[in-house]
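FYI, it's all coordinate maths here, none of it is from the lab. For clarity, every value in this text was computed on a predicted model and none was experimentally measured. Cβ: placed from backbone, ideal geometry, glycine included. Neighbour counts: every protein chain shown.
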Amino acid sequence: MKKYLLILLAFCLVLFSACGGEKTNNVKTEISTVQKNTEVAVSKDLVTKVPIIMYHYVRDVDEKKDGLGWRLSINPRDFEKQMKYLKDNGYTTLHLSDLIAGKVPKKSIVLSFDDGLEDFYTTALPILQKYGFTASDAVITGMVGAHEHMTKEQIKACIEVGIEITSHTKSHLDMSKISGAELLAQVVDARDFLKNNFDIEPMAFVYPSGKYNDAAIKILQQNGYKIALTTHEGEADLSKDNMLTLPRLRIDNREGFIGFKNVLEKISAEK
Ligand SMILES: [Zn+2]
């Protein structure tokens, strides 16, 4: 009798563990379904439009003493308000190289800075880091270490904290007015400088003053560049725009925080 009881007990135990096992499997299945659904949800949220902001200096300038300098600058308090707005509104900052895939997550933005200016390192970078953002800085390689421009050490420090460094030619010449060997040298010398000093081969380029022509585009293509920025005004559409002539949204003291907020609100209302 005892033997039968023991067999019955063993049978019940097997049955119980089998039921428990099934339950565990069900839970696993549910988790994997949730994960799958999340992946689908993320991929559905990919878009082809992305605002690329164009900044130059982040500093205080007296408009009356230096009108041009004022128009090329955003004051640090206004810049911080813009970063706070991006954070509060759920934006993610991307590198230009992230755009090559042609699709980006919703609410992505690229913060592009021109000229490799020193106040990017001293003023903009600490604010970007405070909000957990990254940015892309286009360096004029012939001006590295010059007055108001970042030194090699400052550029290295930017790269170390995840800032994307891109090419803005060697001497900031108007690319639509030079040709042949001079045009080629502006692209190749800058690329070699970035490779030799920082061990990076940038895939992104910014035309000095936004000026370009077909020859300039061809030279960029031949030298491995996948993305190039102009000063054409607008939000970039990676499915329609030429990736080597992407437009940007200029933000300086004239637009200020209100202009920045308005342009982004207009863009999200259109989506
Ligand atoms: Zn420039």
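Annotations for the structure displayed:
- Residue order, fewest to most surrounding Cβ atoms within 10 angstrom, among Glu182, Glu160: Glu160, Glu182
- Region 49-270: equivalent-ellipsoid semi-axes (sqrt of 5 x gyration tensor eigenvalues, Cα, Å): 25, 21, 17
- For the set Lys64/Lys195; Lys195/Lys218; Lys49/Lys87; Lys81/Lys240; Lys130/Lys170, the pairs lying more than 30 angstrom apart at their alpha carbons are Lys64/Lys195; Lys81/Lys240; Lys130/Lys170.
- Over region 77-118: Kirkwood hydrodynamic radius from C-alpha pairwise inverse distances, Å: 11.8
- Linear extension gain, Tyr85 paired with Ile200, 0.36 nm per residue minus alpha-carbon span: 38.2 nm
- Between Thr122 and Asp214, the C-beta separation translates, for a Förster distance of 35 Å, into a calculated FRET efficiency of about 0.35.
- Taking all Cα-Cα distances within region 203-271, those exceeding 16 Å account for 54%.
- Average silhouette area of region 52-153, convex hull of alpha-carbon atoms, in square nanometres: 7.3
- Directionally averaged projected area (convex hull, Cα atoms, region 100-166), nm²: 5.0
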